[in-house]
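Here is the structure we will look at.
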Amino acid sequence: RAGVTRIPVVVHVVYQTDDQNIGDAQVAAQIDALNRDYRKLNADVAQVPAPWQAVAADSRIEFRLAVTDPAGAPTNGITRTRTGLASFDTDDAVKSTADGGCDPWPADRYLNMWACPLGGGLLGYAQFPGGPAATDGVVILHSAFGTGGTAAAPFDLGRTATHEVGHWLNLFHIWGDDGTGCSGSDFVADTPNQGGPNFGKPVFPRLSCSNGPDGDMFMNFMDYVDDAAMVMFTQGQVARMDATLDGPRSSFTA
Ligand code: ARG
Ligand code: ZN
Ligand code: CA
């Protein structure tokens, strides 16, 4: 993949209460946040510790709200659906009009994002490449979506979407999804082996799995820290995104 890839995005706002019906500005702010993070234009990348500054990477991926809908008509890239459901979970009901959500736009042409109420403390979830088109995309809690408006600290910098879109591009969690063990891998060579997820705002260095002296790369977008503490992807992670855009999601590079 050469140059910059631009991904058309449709945001499906699914709401029961008026505050869940987030405004166009909050949606636009989410796209801006994605573009900063994926182009390494986020100012807080300066907080990457010195040993990892050289592996912090620009993914050369940009996001833009769709300007044409599936039928070819002009759109602002936002759909709005009132639902009778108080909250959704990971069962994909939000992705189905018949189940109280909103059907996706064609998944080979648009990144579908749903902003909605979620239960159980869930901030968001994503579908990896290779899954069914009918459920492809990412789902984000309305109050962890974008910046400004109803976005609530400590998840108010738009980074739940940065993280979930990472999964959509085939990135795994940085700790390797093996609980707190040291045998799991994210299949990325330049992220250190790490025990379990980190939360909050950790202090460097934070050691696990004999990974001293630098320890966990907790400031990576694919950890579970607060929005203000996650600031980087690595070159190795970008190589996985490249493989995705050259492979199962190559329809976006045509
Ligand atoms: N899937 C994760 C969750 O729901 C998302 C974590 C996002 N982290 C963040 N700082 N925004 O817990
Ligand atoms: Zn995740
Ligand atoms: Ca690793």
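Reported count of residues in segment 75-96, each being under 24 Å from F63 (Cα atoms) and out of contact with any strand residue (DSSP E or B) (no Cβ under 9 Å at 6 or more places or on another chain), is 1. Of all residues in segment 106-154, those that are not aromatic (F, W, Y) and not in a loop (DSSP other than H, G, I, E, B) total 18. Screening K201 on (1) within 21 Å of the chain's Cα centre (by Cα); (2) away from ligand 2 (no atom under 12 Å from the Cβ); (3) open to solvent by less than 60 Å² (accessible area, probe 1.4 Å) shows it passes everything except condition (3). Within segment 56-105, being of a type in the set (A, V, I, L, M, F, W, C), surrounded by 13 or more Cβ atoms within 10 Å (Cβ to Cβ) and either touching a residue at least 40 places away in the same chain (Cβ under 8 Å) or over 15 Å from Q127 (Cβ atoms) (or both) holds for A56, A57, I61, F63, L65, A66, I78, L85, F88, V94, C102, W105. So, in segment 41-55, of the ones that are in a loop (DSSP other than H, G, I, E, B) and in contact with a strand residue (DSSP E or B) (Cβ under 7 Å, 6 or more places away or on another chain), which residue ends up least open to solvent (accessible area, probe 1.4 Å)? Selected residue: V48.
Yes or no, residue by residue, for (1) open to solvent by 50 Å² or more (accessible area, probe 1.4 Å); (2) under 16 Å from A50 (Cβ atoms); (3) β-branched (V, I, T); (4) in contact (Cβ under 8 Å) with a residue 40 or more places away in the chain:
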{"site": "S208", "(1), (2), (3), (4)": "no, no, no, no"}
{"site": "G212", "(1), (2), (3), (4)": "no, yes, no, no"}
{"site": "G215", "(1), (2), (3), (4)": "no, yes, no, no"}
{"site": "M219", "(1), (2), (3), (4)": "no, yes, no, yes"}
{"site": "V225", "(1), (2), (3), (4)": "no, no, yes, no"}
{"site": "A228", "(1), (2), (3), (4)": "no, no, no, yes"}
{"site": "Q235", "(1), (2), (3), (4)": "yes, no, no, yes"}
{"site": "V238", "(1), (2), (3), (4)": "no, no, yes, yes"}
{"site": "G247", "(1), (2), (3), (4)": "no, no, no, yes"}
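When A161 is tested against (1) away from ligand 3 (no atom under 14 Å from the Cβ); (2) more than 16 Å from V11 (Cα to Cα), exactly one condition is not met: (2).
Note on segment 155-192: among residues that are outside any loop (DSSP other than H, G, I, E, B) and either small (G, A, S) or touching a Pro at 6+ places or on another chain (Cβ under 6 Å) (or both), the one that is surrounded by the fewest Cβ atoms within 10 Å (Cβ to Cβ) is G166. Pairing each residue of segment 185-200 that is under 12 Å from T234 (Cα atoms) and small (G, A, S) with any residue that is more than 7 Å from ligand 3 (Cβ to nearest atom) and not in a loop (DSSP other than H, G, I, E, B), provided the two are 6+ apart or on different chains, yields C-beta distances under 8 Å for A189/G236.
The values are calculated or read from the model by the stated rules, or taken from the named source; none is laboratory data. In this text, all values refer to a predicted model and were calculated from it rather than measured experimentally. As a convention, Cβ positions derive from the backbone with ideal geometry for all residues, glycine included, and neighbour counts pool all protein chains shown. The protein model used for the area step is the full one, side chains on, heavy atoms only, and it has no ligands, DNA or RNA in it. Shrake-Rupley method; radii C 1.70, N 1.55, O 1.52, S 1.80 Å.
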